[in-house]
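The values are calculated or read from the model by the stated rules, or taken from the named source; none is laboratory data. This structure is a prediction, so every number in the text was calculated from the model and none was measured. Every residue, glycine among them, receives a Cβ derived from its backbone with ideal geometry; neighbour counts consider all protein chains shown. Side chains included, ligands, DNA and RNA excluded: accessible areas come from the protein's heavy atoms. Shrake-Rupley method; radii C 1.70, N 1.55, O 1.52, S 1.80 Å.
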Amino acid sequence: MKYMITGATGHLGQKVVAELNKLVPSRDIRLGVHTPKKAANLVAAGFDVAAIDYADTETLIQAFAGVDVLIYIPSLTYEVQGRINEFENTLTAMEKDRVKTIVDVSFFADQYNNPFQMAGYYAYLPARLASSHFQYAVVKNSLYADPLVPYLPELIERHNVIYPIGDQQMSFISRQDSAEAIAKVAVKEYLRDHGQNYLLTMKQNYSMDELAQIMSQVTGKKIGYVPVSLQEFADIYRSEGDGDELASMYKAAAMGLMNDVTDDFQHITGHEPQGMRDFLKENYHA
Ligand SMILES: NC(=O)c1ccc[n+]([C@@H]2O[C@H](COP(=O)([O-])OP(=O)(O)OC[C@H]3O[C@@H](n4cnc5c(N)ncnc54)[C@H](OP(=O)(O)O)[C@@H]3O)[C@@H](O)[C@H]2O)c1
């Protein structure tokens, strides 16, 4: 059985590579990389690395030859049509190479009324796959917990969490736990043989007061919760390039659309996901 992971040099992709390699030997894993120089360590580790560009179907056709199961990790393209085109090119290449199965990594902002700017892409995926003849599972992540770690120094300075979501809760999962679940879905046919749609979350969601309390305990610094407005949030982070996208996502959270909790992680892996307190304790180093 030949597995292929796209986005293999990315934050999530690297962890999926490591987790899949715990379950199958490197010779059965091919890695799709966008910028080959980022993959020097993977080549050195003996992986079969193929250069791909989601915008160039020919590169995908070459890379997918002989593959049985594709783990598709999308790019960070912040534009719905662009992301759909990348996905469609991938399906075209799968078709040409007779790749039977796709594990599609997605995000939980997929409801019809979700105002997140990328929600149209995430909503498109399950219906598109359902109308195809591929075997597939959609594995949706809740919010990555990981970016909270480098964000903590700023929150300590601000003395507050500022997410504009009022009294709503949000759901999180660590990239490490996400990667473990994705690898298990890929190797266990019964987990991906009837169009499953998973949502990976911790065992509970968190109100921002709860999150601030955990952050205070972990850092030893008083962090409270004083939400800014959506507009203020977008203005604060616009210079980093994605203020408006993020604000649209927190608008969804303020509507209660980002708080679902499931036991899918436990079902897939057989153990509990790491909770927020343990995750931050393990990863925050003052
Ligand atoms: N759950 C969440 O909270 C959350 C947060 C952020 C993102 N996400 C989603 O999770 C996915 C993975 O996130 P991540 O943090 O691992 O992102 P990342 O580190 O940016 O990884 C994306 C990967 O896609 C590759 N890529 C970019 N453009 C490509 C192209 N045209 N053709 C082929 N590959 C291309 C990148 O390679 P290069 O670096 O070489 O371009 C990189 O390896 C993203 O799609 C994003 O939508 C989820």
Taking the stretch 62-104 and keeping only residues that are touching a Lys or Arg at 6+ places or on another chain (Cβ under 9 Å), at pLDDT 95 or above, open to solvent by 10 Å² or more (accessible area, probe 1.4 Å) and within 11 Å of the ligand (Cβ to nearest atom), one is left with Pro74, Ser75
Scanning the stretch 120-150 for residues that are assigned to a helix (DSSP H, G or I) and within 12 Å of the ligand (Cβ to nearest atom), the one farthest from Thr219 (Cα to Cα) turns out to be Leu125
Being among the aliphatic types (A, V, I, L, M) and more than 21 Å from Ala181 (Cβ to Cβ): is that true of Ala40 here?
yes
Condition test on Asp104, is it touching a residue at least 40 places away in the same chain (Cβ under 8 Å), in contact with a helix residue (DSSP H, G or I) (Cβ under 8 Å, 6 or more places away or on another chain) and not in a helix (DSSP H, G or I)? no
Practice problem: State whether the residues of the stretch 207-218 include one that is within 22 Å of Pro115 (Cβ to Cβ), over 19 Å from the mean Cα position of the chain (by Cα) and open to solvent by 20 Å² or more (accessible area, probe 1.4 Å). | Solution: yes
Those residues of the stretch 1-46 which are within 14 Å of the ligand (Cβ to nearest atom), open to solvent by less than 60 Å² (accessible area, probe 1.4 Å) and either touching a Lys or Arg at 6+ places or on another chain (Cβ under 7 Å) or free of Cβ contacts under 8 Å to residues at least 60 places away in the same chain (or both) amount to Met4, Thr9, Leu12, Val17, Arg30, Leu31, Gly32, Val33, Thr35, Ala39, Leu42
(message) Among the residues of the stretch 192-203, are any outside any strand (DSSP E or B), in contact (Cβ under 8 Å) with a residue 24 or more places away in the chain, buried (at least 18 other Cβ atoms within 10 Å of the Cβ) and in contact with a Lys or Arg (Cβ under 8 Å, 6 or more places away or on another chain)?
(response) no
Q. Taking the condition touching a helix residue (DSSP H, G or I) at 6+ places or on another chain (Cβ under 9 Å), open to solvent by less than 10 Å² (accessible area, probe 1.4 Å) and more than 23 Å from Pro74 (Cα to Cα), does Val161 pass?
A. yes
